[in-house]
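Read through the structure below, which is laid out as structure tokens, and then see the notes.
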Amino acid sequence: MSDLKPSVNVKENWMVLVPLLYSAAVVLFLIIRYYGHLTEPDTNAFYGYIKNISEYGKLIPQGDYYGQGYGAPSLFTFIVTLTGLDVSLFVQTIYPILGLAMAVMAGAFYNTVLGGARLASLATFFMFLQPEYLFVLLRGNHEKVTLSMVVLAMLVLVKAPSASNRLAVYGKFMVLFYLFSYSLITANVGFASSWILAIAMSCAAGYLISWLLSHSEAQAEMKRLFYISVSSLIFVFLFVFYL
């Protein structure tokens with residue numbers, strides 16, 4: 001009897017495009033609706049931050065600058081300088097379009113957590129249905145950078161336990177986690193420190209539950225991830241006082 005090959009659910013694979021197409025439609029509608037002039041106070045503020053960094057050539061220039069971190073304004077300044085885009089065009093039109101990459105990153109994270117394209121697409125779609133998140137998606141401030149770093153760092157943390165027996169691979173995951181964590185810190189140190197503490201507390205709770213259930217393997221992994229997340233606070237200290 002011939003070997004049976006698993007059928008590929010093409011419809012399920014195509015579902016991953018639904019959140020991306022929906023969010024793209026929302027972004028393009030609002031850009032066209034307001035002729036590319038959609039703005040709010042944070043977008044105006046970051047317009048000024050980019051202008052100041054470009055004018056003075058410093059991460060912390062004279063005049064007005066973003067006090068929570070230089071990561072996002074300096075990244076935007078680099079993109080504007082490299083491409084020659086007008087700053088207002090970038091923060092009001094190009095940056096919201098670039099924010100659609102969040103649909104891809106969130107889809108990858110949910111696919112890893114939920115174990116299927118269908119559930120991942122549904123979870124990502126619900127995320128983009130939230131008015132609060134759509135507001136973040138459309139404004140020209142640091143939030144798309146911070147949320148992207150959160151999703152990527154969480155994706156690394158979720159994947160890390162699968163490589164716990166392969167030290168080299170596990171080490172690469174941890175390097176990526178520290179890289180994303182530090183990028184998050186430079187984008188918004190207040191948000192980053194709260195997020196790191198939340199991750200550490202979650203790992204501590206996971207350790208306690210694993211101990212109560214006598215699950216030694218999960219207990220060891222939660223302990224390891226707790227130390228890794230808490231050690232990220234060293235970057236917060238270095239950034240606030242020295243960097």
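Remark: the A24-H215 segment gains 64.4 nm on full extension, using 0.36 nm per residue and subtracting the alpha carbon distance.
For the chain, the number of Lys pairs separated by eight or more positions or lying on different chains, with C-alpha atoms closer than 21 Å, is 4. Mind checking which of M102, M127, M149 has the largest fluctuation in a GNM of the chain, springs on alpha carbons under 10 Å? Top of the fluctuation ranking is M127. With the cut-off at 1.5 for a/c, could you classify the chain from its C-alpha gyration tensor as rounded, prolate or oblate? The shape class here is oblate. Comparing G206, G63, G48 in a Gaussian network model of the chain (Cα springs below 10 Å), the most mobile by mean-square fluctuation is G63. Stretched out straight at 0.36 nm per residue, the stretch from E55 to L233 would grow longer than its current Cα-Cα span by 60.8 nm. For region 62-100, the residues whose amide N sits under 15 Å from a probe point set 7 Å from the Cα of N44 along the beta carbon direction are 88, 92. Using a Gaussian network model of the chain in which every pair of alpha carbons under 10 angstrom is joined by a spring, one finds that among S231, S183, S23 the greatest mean-square fluctuation is at S231. Here the label points at W14 and A108, each 7 Å from Cα along the C-beta direction, are separated by 2.5 nm in the simple model.
Taking the convex hull of the alpha carbon atoms in region 143-243, what volume per residue do you get, in Å³? Please report the intermediate quantities before stating the final value.
On the way: hull volume 8.6 nm³, N = 101.
Enclosed volume per residue, from the Cα hull, is 85 Å³.
Axis of helix 71-83 versus longest Cα principal axis of the chain: the two differ by about 60°, to the nearest ten degrees. With a simple spin-label model that places each label point 7 Å from the Cα along the Cα-to-Cβ direction, the separation between L167 and L179 comes to 2.2 nm.
Just to verify a number: FRET efficiency for M201 and I79, C-beta to C-beta distance, R0 = 51 Å, to 0.05? Once rounded, the FRET efficiency stands at 0.90. For F135 and R33, the FRET efficiency from 1/(1 + (r/R0)^6), where r spans their Cβ atoms and R0 equals 22 Å, is about 0.90. Applying 1/(1 + (r/R0)^6) with r as the Cβ-Cβ distance of L119 and L89 and R0 = 51 angstrom yields a FRET efficiency of 0.85.
Where a number appears in this text, it was derived from the coordinates with a stated rule and is not lab data. Treat the numbers as computed from the prediction; the structure is a model and nothing was measured. Here Cβ is always computed from backbone atoms with ideal geometry, including for glycine, and neighbour counts include all displayed protein chains.
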